[in-house]
Structures are given as structure tokens and as C-alpha cells.
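Asks: Sharing a structure, written as C-alpha cells. Questions coming.
The values are calculated or read from the model by the stated rules, or taken from the named source; none is laboratory data. Please read all numbers here as calculations on a predicted model, not as lab measurements. Cβ placement follows ideal geometry from the backbone for every residue including glycine, while neighbour counts extend to all protein chains displayed. Calculation scope for accessible area: heavy atoms of the full protein, side chains included, ligands and nucleic acids excluded. Shrake-Rupley method; radii C 1.70, N 1.55, O 1.52, S 1.80 Å.
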Amino acid sequence: MATELTGTYLTLDDGRPAVRFSRIHDHPVEHVWQLVTDAGDLARWFPSRAEIELRPGGTITFSGDPNMPESAGRVLAVDAPRHLSFAWGGDELRFDLEALDDRRTRFTLTDVLEAADTAARNAAGWEVCLAALDAAARGERSEGPHARTTASWKEFYAGYVEAGVPSGAPVPGLD
């Protein structure tokens with residue numbers, strides 16, 4: 001298979017399924033934090049436009065995803081500039097940032113899944129989104145993850161299914 005998969009399917013200690021991704025960005029942790037929390041920066045890579053009330057219990061509103069209706073979630077935890085987690089639909093998204101030195105940051109995204117059969121679908125989506133994040137972190141202009149064709153998503157999805165990652169959940173916009 002030509003498509004490199006960067007996500008890992010895992011079962012958390014509490015038994016919930018999740019997919020996890022990690023990247024190293026050549027930026028200080030504060031810069032990467034802005035990419036994760038600023039609505040304008042999120043629009044460059046996150047699947048929905050997200051407006052975050054950045055405090056535990058705060059509201060996060062999602063809009064602009066052509067495959068999903070507008071919705072709202074709840075901020076679960078904030079430890080700026082190291083951790084943000086929030087509820088989105090039935091999933092929990094966790095963003096963890098670790099300063100490796102003054103100029104490099106390890107970014108880890110964990111999508112704690114409501115159902116295991118969404119793992120391949122969500123992992124493929126995050127591959128496309130995180131490619132857009134990587135481009136944004138490099139300072140490249142991006143129209144966001146929905147600007148690309150679904151061909152790359154389909155390749156990632158097929159790769160995750162072939163790798164044995166749970167699948168079968170409906171795919172918004174394709175089912």
C-alpha cells in the first residue's frame with residue numbers, strides 16, 4: 001500500500017476505543033497551542049469551524065463541515081499550553097502538547113471513540129486534517145481539509161480497513 005498510515009488504534013485503560021496520532025512541529029509549544037485553540041488557525045485544518053470558550057465546562061461550537069450539521073460540545077479540560085480536551089458528538093478529543101525544547105513541540109491527538117466501528121473512518125479523516133495542520137505549521141496556505149478531493153481520504157480509509165482497524169460505521173457525505 002502506498003499510503004502511509006500515521007494513526008494507531010488502541011484501547012484505553014478504561015476500555016474505550018481510540019485512535020491516536022503524534023507529530024513533531026518545529027515551533028514553540030505556544031505557537032502549536034494557537035494552532036489548536038484559535039478559531040482562525042483551526043479553520044485551516046480542523047474538520048469544522050470551531051469556536052472555543054477556553055475553560056473547563058465552556059461551550060465549543062462546530063459549523064462549516066459540509067458533511068456534518070452544526071453542533072455544540074463541551075470543553076472537558078484545559079491546561080494551557082499543554083492540554084485541551086472536549087466532547088464532540090459522542091467522541092472525546094484530546095490534544096496534548098509537549099515542548100521538546102525551545103523550538104520543537106510534540107503534538108498528540110487522541111480521538112476517544114464512542115464506537116469502535118468508527119475507528120477506520122475517523123482515522124482516515126484525521127490523516128487528511130493533520131496533513132492540513134502540518135502544512136499550516138510550515139506556514140503554507142491551505143483552504144482547509146475539505147479543499148482536497150475525497151480520493152486521499154478513501155485511500156487512507158482503505159489502508160486502515162486493510163490494517164484491521166475496526167470499520168463499518170456510516171460515512172457522512174458518502175453513505
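Asks: Among the residues of segment 110-126, is any assigned to a strand (DSSP E or B) and either among the charged types (D, E, K, R) or touching a helix residue (DSSP H, G or I) at 6+ places or on another chain (Cβ under 7 Å) (or both)?
Replies: yes
Asks: Being outside any strand (DSSP E or B) and in contact with a Ser or Thr (Cβ under 9 Å, 6 or more places away or on another chain) is the filter; apply it to segment 54-68 and report the residue that is nearest to Pro28 (Cα to Cα).
Replies: Leu54
Asks: Could you check how many residues of segment 154-175 are modelled with pLDDT under 90 and surrounded by 13 or more Cβ atoms within 10 Å (Cβ to Cβ)?
Replies: Selection size over segment 154-175: 2.
Asks: Let me ask something else about it. Can you give me the number of residues within segment 29-60 that are among the polar types (S, T, N, Q), open to solvent by 40 Å² or more (accessible area, probe 1.4 Å) and in contact (Cβ under 8 Å) with a residue 12 or more places away in the chain?
Replies: Result for segment 29-60: 1.
Asks: Which one of these does Leu133 not meet: (1) touching a helix residue (DSSP H, G or I) at 6+ places or on another chain (Cβ under 9 Å); (2) surrounded by fewer than 21 Cβ atoms within 10 Å (Cβ to Cβ); (3) modelled with pLDDT under 95?
Replies: Here Leu133 clears every test but (2).
Asks: Can you name the residue in segment 91-126 that is acidic (Asp, Glu) and under 20 Å from Pro81 (Cβ atoms) and is also most open to solvent (accessible area, probe 1.4 Å) among such residues?
Replies: Only one residue fits best here, namely Asp102.
Per-residue answers, yes or no, for (1) more than 17 Å from Ala137 (Cα to Cα); (2) over 17 Å from the mean Cα position of the chain (by Cα):
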{"site": "Val19", "(1), (2)": "yes, no"}
{"site": "Ser22", "(1), (2)": "no, no"}
{"site": "His27", "(1), (2)": "no, yes"}
{"site": "Asp41", "(1), (2)": "no, no"}
{"site": "Arg49", "(1), (2)": "yes, no"}
{"site": "Pro56", "(1), (2)": "yes, yes"}
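Asks: Sticking with this structure for a sec: Among the numbered criteria (1) farther than 23 Å from Leu5 by Cβ; (2) open to solvent by 50 Å² or more (accessible area, probe 1.4 Å); (3) part of a strand (DSSP E or B), which one does Val75 miss?
Replies: If we test Val75 against (1) farther than 23 Å from Leu5 by Cβ; (2) open to solvent by 50 Å² or more (accessible area, probe 1.4 Å); (3) part of a strand (DSSP E or B), just (2) comes out false.
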